[in-house]
Amino acid sequence: MRGSWIGLALALLLAPAAWAGEGMVTLKSAHDVETTADRLVAALEDKGMTIFRRVDHAAGAREVGQELGPTELVIFGNPKVGTPLMRCGRTAAIDLPQKALIWEDDNGEVFLAYNNPRYLAQRHGIEGCEEVIGTIEKALANFARAATTD
């Protein structure tokens, strides 16, 4: 019983750093939204990923007379990574290219979130492609860490 409480306490202590829920992995960033997005783009480009678009949702809100805290979406991908996933389950293409959402909450804390590859595999009924899912999972985690840590 004592071991269960220790495990629960450790999980709660580590939870703010990264968590997965609703099919997403979310990490707290040590930087503001723009810097986090810049760092993500640099890490992605360094590994040969294509940046398809960077969407500033807060700017879009301002254009229609509304307010939204800093919120950016980075859309990125690479056929060398995405094609094997789509070959495992063609409907995965609806979730590609990959996306990362970076936002500042009402407390001024910044977060980066992306789709959990294991969730995508479940969503699209992908089986027998563990190596592909593992490769994507590791790459996304590395990109996210590069963007969010000092």
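Quick notes
- Against the test of being under 16 Å from the mean Cα position of the chain (by Cα) and either β-branched (V, I, T) or over 19 Å from E22 (Cα atoms) (or both), the options T91, T35, T83 yield a single qualifying residue, T35.
- Selection status of V55, assigned to a strand (DSSP E or B) and under 22 Å from A146 (Cβ atoms): yes
- Here A113 meets each of (1) over 15 Å from D32 (Cα atoms); (2) open to solvent by less than 40 Å² (accessible area, probe 1.4 Å); (3) among the small types (G, A, S) with one exception, condition (1).
- Scanning the range 22-44 for residues that are among the hydrophobic types (A, V, I, L, M, F, W, C), open to solvent by 30 Å² or more (accessible area, probe 1.4 Å) and either more than 13 Å from R145 (Cα to Cα) or assigned to a helix (DSSP H, G or I) (or both) yields M24, A42.
- Reported count of residues in the range 67-104, each being part of a loop (DSSP other than H, G, I, E, B) and open to solvent by less than 40 Å² (accessible area, probe 1.4 Å), is 4.
- Condition check for R54: at pLDDT 95 or above, touching a strand residue (DSSP E or B) at 6+ places or on another chain (Cβ under 7 Å) and within 22 Å of P70 (Cβ to Cβ): yes
- Residue check, E63 over 15 Å from the mean Cα position of the chain (by Cα) and either touching a residue at least 12 places away in the same chain (Cβ under 8 Å) or open to solvent by 70 Å² or more (accessible area, probe 1.4 Å) (or both): yes
- The residue that is farthest from L140 (Cα to Cα), among those in the range 116-126 that are in contact (Cβ under 8 Å) with a residue 12 or more places away in the chain and open to solvent by 60 Å² or more (accessible area, probe 1.4 Å), is R123.
The values are calculated or read from the model by the stated rules, or taken from the named source; none is laboratory data. Quick caveat, the model's predicted, so the values are computed rather than measured. Heads up, the Cβs are rebuilt from the backbone with ideal geometry, glycines too, and the neighbour counts pull from every protein chain shown. These area figures cover heavy atoms from the full protein model, side chains too; ligands, DNA and RNA do not enter into them. Shrake-Rupley method; radii C 1.70, N 1.55, O 1.52, S 1.80 Å.
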